1. Could you tell me the relative contact order of the stretch A:1-63? Use alpha-carbon pairs under 8 Å, at least six residues apart, and round to a whole percent.
2. How compact and how long is chain B, expressed as Rg and Dmax of its alpha-carbon atoms in Å?
3. Using θ = phi - 60° and the Karplus curve 6.51 cos²θ - 1.76 cosθ + 1.60, what whole-Hz ³J(HN,Hα) does each residue of the stretch A:59-76 get, with Gly and Pro shown as x?
4. Any idea how many Lys pairs in chain B come in under 25 angstrom at the alpha carbon, given 8 or more places apart or on separate chains?
5. Tell me, what is the percent relative contact order of the stretch A:1-116, built from C-alpha pairs under 8 Å that lie six or more residues apart?
6. Can you give me the Cα centroid spacing of the stretch B:87-106 and the stretch A:35-57 in angstrom?
7. Counting Lys and Arg as +1 and Asp and Glu as -1, each charge on the Cβ, what is the dipole of the stretch B:4-105 about the Cα centre in debye, to the nearest 20?
8. Which three numbers, in whole Å and largest first, are the semi-axes of the equivalent ellipsoid of the protein assembly as shown derived from its Cα gyration tensor as √(5λ)?
Amino acid sequence: AQTVTQSQPEMSVQEAETVTLSCTYDTSESDYYLFWYKQPPSRQMILVIRQEAYKQQNATENRFSVNFQKAAKSFSLKISDSQLGDAAMYFCASDVNSGGGADGLTFGKGTHLIIQP
Amino acid sequence: DVKVTQSSRYLVKRTGEKVFLECVQDMDHENMFWYRQDPGLGLRLIYFSYDVKMKEKGDIPEGYSVSREKKERFSLILESASTNQTSMYLCASTPRRGKLFFGSGTQLSVL
């Protein structure tokens with residue numbers, strides 16, 4: 001059964017606007033990590049942001065922030081002031097099923113983000 | 001910076017051929033992984049390894065095997081390539097829980 005769900009196959013946003021990408025996950029664990037990865041046309045996977053489940057404070061990295069709702073098992077990514085270079089596939093991922101991450105991450109199916117100039 | 005290098009960016013093989021995909025990391029990471037990426041399916045874990053000569057099956061190991069003779073090198077082997085193995089293959093490594101470091105991928109076409 002899929003444990004990380006991205007319900008938006010594609011999103012489009014105007015340059016300089018804000019966009020939110022959704023992700024939900026399924027777990028009964030209390031200790032886990034959540035991630036957003038970006039994959040531009042170069043295909044290189046780039047870590048955008050990471051959230052430890054035990055931390056209540058939402059992670060932020062410059063224009064990127066998350067809305068982590070632990071009870072709802074929701075982990076959305078907000079991109080503020082969208083730039084053309086943000087155009088990419090975005091993958092949500094978790095180590096909820098991987099014994100602490102040593103077994104790898106489980107990825108969602110991805111959201112293709114288009115930035116309109 | 002951590003570097004994970006995949007030997008080929010593009011590869012074209014024929015059905016039935018034995019195919020080797022090589023991955024090398026330069027940061028002494030314990031854990032290495034092979035993922036397969038297909039449109040609409042995201043990344044799926046094929047095999048992973050905790051240490052030299054150790055391997056574990058991921059979610060979709062059928063048709064694949066792996067080899068880890070040295071800590072820095074993790075090879076994915078397609079014993080007899082088939083057209084349904086046409087895909088993007090991503091190698092990754094990590095020293096511990098948390099961030100995965102990825103290679104730039106190998107796009108494999110099996111004709």
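Read-outs throughout are calculated quantities, based only on the coordinates presented, and are distinct from any laboratory measurement. It should be emphasised that the depicted structure is a prediction, and the values quoted were computed from it without experimental measurement. With ideal geometry, Cβ positions are generated from the backbone for all residues, glycine too; neighbour counts draw on all protein chains shown.
1. Values: 62 pairs, mean separation 15.2, N = 63.
Averaging sequence separation for qualifying contacts and normalising by length gives 24 percent for the stretch A:1-63.
2. Cα radius of gyration and Dmax of chain B are 13.0, 38 Å respectively.
3. Residue by residue, the stretch A:59-76 yields 6, 9, 9, 6, 7, 9, 9, 10, 10, 9, 10, 5, 5, 8, 6, 10, 8, 9 Hz.
4. Within chain B, the lysine pair count is 23.
5. Values: 275 pairs, mean separation 42.0, N = 116.
For the stretch A:1-116, the relative contact order is 36 percent.
6. Centre-to-centre (Cα) distance: 13 Å.
7. On the way: 16 positive and 13 negative charges, 11 e Å.
The dipole magnitude comes to about 60 debye.
8. On the way: eigenvalues 174, 85, 48 Å².
In descending order, the three semi-axes are 30, 21, 16 Å.
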